[in-house]
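Take a look at the structure set out below.
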Amino acid sequence: GEVVAFLEASYMQAITVDSVLEFCPLSRSYFHLVFKRATGKTLIEYLRDIRLKKAEEQLAGSDRPIADIAVETGLGTPAYFGQVFRAATGLSPGAYRRRHAAKRIRRAE
């Protein structure tokens, strides 16, 4: 609960296991075990998925530069963002945006 809320609120910042353990009174190994049981994912996987979801929302709903979205969602450089985004969605950030822009246009008609 508390860790997930922290990740949702702070996804754009650099987050490490150590930063989470500052307020979560568990050993590192026990934390990993408990987190994986609760979410089905590792901390890194969970954080990446939050960041990707936020990036998808921004790509689909705005014309903001992809480089800005990469940095603001905590996904790093545009090149790394493109690599992670394509691996997760099967599309480049630009292709994802074009696909969702076409959907927005059709809904508006």
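The values are calculated or read from the model by the stated rules, or taken from the named source; none is laboratory data. Small disclaimer: the values here were computed from a predicted structure and weren't measured. Glycine also receives a Cβ, built like all others from the backbone with ideal geometry; neighbour counts cover every protein chain displayed. Each accessible area value is taken on the protein alone, full model and side chains, heavy atoms only, with ligands, DNA and RNA left out. Shrake-Rupley method; radii C 1.70, N 1.55, O 1.52, S 1.80 Å.
Filter segment 22-33 down to residues that are open to solvent by 40 Å² or more (accessible area, probe 1.4 Å) and touching a helix residue (DSSP H, G or I) at 6+ places or on another chain (Cβ under 9 Å) and give me whichever is nearest to A5 (Cα to Cα). Walk me through it before giving the result.
First, pick out the residues of segment 22-33 that are open to solvent by 40 Å² or more (accessible area, probe 1.4 Å): 22-23, 25-30, 32-33.
Checking which are touching a helix residue (DSSP H, G or I) at 6+ places or on another chain (Cβ under 9 Å) leaves us with 23, 26-28, 32.
Working: F23: 12, L26: 17, S27: 20, R28: 19, H32: 17 Å.
Of everything passing the filter in segment 22-33, F23 is nearest to A5 (Cα to Cα).
Do the conditions hold for G90, that is, is it of a type outside the set (D, E) and either open to solvent by 50 Å² or more (accessible area, probe 1.4 Å) or over 17 Å from L7 (Cα atoms) (or both)? Break it down stepwise before answering.
Values: of a type outside the set (D, E): yes; either open to solvent by 50 Å² or more (accessible area, probe 1.4 Å) or over 17 Å from L7 (Cα atoms) (or both): yes.
For G90, the condition - of a type outside the set (D, E) and either open to solvent by 50 Å² or more (accessible area, probe 1.4 Å) or over 17 Å from L7 (Cα atoms) (or both) - is met.
Being in contact (Cβ under 8 Å) with a residue 40 or more places away in the chain and open to solvent by less than 50 Å² (accessible area, probe 1.4 Å) is the filter here; which residues of segment 66-84 pass it?
Answer for segment 66-84, where residues must be in contact (Cβ under 8 Å) with a residue 40 or more places away in the chain and open to solvent by less than 50 Å² (accessible area, probe 1.4 Å): T73, G74.
Pull up segment 51-65, narrow it to residues that are within 14 Å of the chain's Cα centre (by Cα), of a type outside the set (D, E) and open to solvent by less than 70 Å² (accessible area, probe 1.4 Å), then point me to the one that is farthest from A9 (Cα to Cα). Give the derivation first.
First, pick out the residues of segment 51-65 that are within 14 Å of the chain's Cα centre (by Cα): 51-59.
The next check asks that each one be of a type outside the set (D, E); those that pass are 51-55, 58-59.
Keeping just the survivors that are open to solvent by less than 70 Å² (accessible area, probe 1.4 Å) gives 51-52, 54-55, 58-59.
On the way: R51: 11, L52: 14, K54: 11, A55: 15, Q58: 16, L59: 19 Å.
The qualifying residue farthest from A9 (Cα to Cα) is L59.
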